[in-house]
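Take a look at the structure below.
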Amino acid sequence: MQNIFDLTLEELKEILKPSFRAKQVWHWLYIAYQNDFNLMANIPKDLRAKLNESFSAKNLHIKEIQTSSDGTKKYLFLTNDNHSFESVLLKMKEQKIDKFGNTIQTPKYTICISSQIGCRIGCKFCRTGIDGLTRNLSCGEIIEQIVAIKRDNKILPQKRVNIVYMGMGEPLDNFDNLIKAIKIISNLDGLSISPKRQTISTSGISPMIDKLGEFNLGVQLAISLHAVNNETRNKLMPINKAYNIESIIESVRRFPIDTRKRVMFEYLMIKNINDDLQSAKDLLRLLNGIKAKINIILFNPHSGSNFERPSKESAESFASFLISKGLLATIRESKGIDIDAACGQLKYKDKLNKTKLKELEYKNKSKNKNVSYETKE
Ligand code: SAH
Ligand code: SF4
């Protein structure tokens, strides 16, 4: 049985005749979130039978949903071959002015999706990396996470959502499925999520960043930099020995980005490893001439690692230094911290003291007015 989400509209048109039927089926799948071919009312019975015979639109099964006190929802999906992995729905409030001049608040959604079950990159701070790679997610499995989450939350098809490839796995290590998924996700006859609303986060496999750039899809790029010298980065991310900081920066300089957009550099801050001001100074020098945005992430402790979370104060001084030098820097608010929804360490339920973590995160509200907090985007 083939996963119907693996097919582009053109591929489905080749199979379903007359070809306008393909568009109708796509409408059911991506606009009505219908995953039962029998309920696709305007599709003739014989064609529905053919669809049932050859395809499946139910390839991911929601095993568990955890909702955080801040509204973040973590989905545990089960694949048809019994592997589990997670995705996260982040809900933020967006201020808008209505036609009467009143300020209204509308929800703004970001869906954090996985690209692999496990990951072979093996970063020392990441829970996903510990068990290695089980398998790639198929193109259809990448896409179905979005459809399932939109369906479950009754998110209107026309409502804009952002997609971040920041769940489990290294997206550029599952390249062909990723490229096909991006194209299907942005198709105007389907989910219609513009590439500029899709952010690919990578540990920095420079040749693959170049390859992604060659496709010129218009997607946003996020680099998990985390360290400003190769010595520290080698220790945190063994992949740095193959593709070091300089090679990543070179690839970023070559990457085609919309002139109004910035490349995001994620900086996972770990106590006594990379939370000093000298690192902030080196970062400034490293990113010289790049239209960058730095997103500081406070390390989220878990049982698989001895690293410690830095103080909020050190993150704030780091960010203020960068801001004072004209860089755009934010500290990522750890949404869903009480349900371990920090991307990259999903799936695992640790026995950490969540209340303590939450206190760390929220108790001391920022004293520094220049530093803003934001969720992953
Ligand atoms: N493999 C890709 C995308 C998935 S990881 C990448 O590495 O970019 C998404 C993000 O989660 C990365 O920036 C990663 O550094 C971060 N992450 C991993 N473990 C974390 C932890 N324990 N605390 C906070 N962020 C973590
Ligand atoms: Fe893989 Fe990203 Fe985790 Fe590194 S941080 S092990 S690349 S998922």
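Observations
- Spans of helices (runs of 4 or more DSSP H) in the stretch 2-54 with at least 3 residues open to solvent by less than 40 Å² (accessible area, probe 1.4 Å), in contact (Cβ under 8 Å) with a residue 12 or more places away in the chain and within 18 Å of residue 190 (Cβ to Cβ): 20-26
- Residue within the stretch 211-218 that is assigned to a helix (DSSP H, G or I), touching a Pro at 6+ places or on another chain (Cβ under 8 Å) and assigned by TED's automatic domain parsing to the domain that holds residue 185 present: yes
- When we screen 133, 221, 178, 137 for residues that are within 16 Å of ligand 1 (Cβ to nearest atom), within 25 Å of residue 244 (Cα to Cα) and over 13 Å from the mean Cα position of the chain (by Cα), the only hit is 133.
- From 120, 127, residue being open to solvent by less than 60 Å² (accessible area, probe 1.4 Å) and within 16 Å of ligand 1 (Cβ to nearest atom): 127
- The numbered conditions (1) away from ligand 2 (no atom under 16 Å from the Cβ); (2) assigned to a strand (DSSP E or B) are all true for residue 158 except (2).
- Selection of first residues in the stretch 202-222 that are closer than 17 Å to residue 167 by Cβ and of second residues that are polar (S, T, N, Q) and not in a strand (DSSP E or B), restricted to Cβ pairs under 9 Å at least 6 apart or on distinct chains, gives the following pairs, ordered by first then second residue: 203/240; 219/186.
- Residue in the stretch 178-193 that is outside the structural domain of residue 7 (by TED's automatic domain parsing) and within 16 Å of ligand 2 (Cβ to nearest atom) present: yes
- Hey, residue 87 within 12 Å of ligand 2 (Cβ to nearest atom), open to solvent by less than 40 Å² (accessible area, probe 1.4 Å) and of a type outside the set (Phe, Trp, Tyr) or not: no
The values are calculated or read from the model by the stated rules, or taken from the named source; none is laboratory data. These figures come from a predicted structure and were not determined experimentally. A quick note on method: Cβ atoms are made from the backbone with ideal geometry, for glycine too, and the neighbour counts reach across all protein chains shown. Remember, those area values only see protein heavy atoms, side chains included, never the ligands or the DNA or RNA. Shrake-Rupley method; radii C 1.70, N 1.55, O 1.52, S 1.80 Å.
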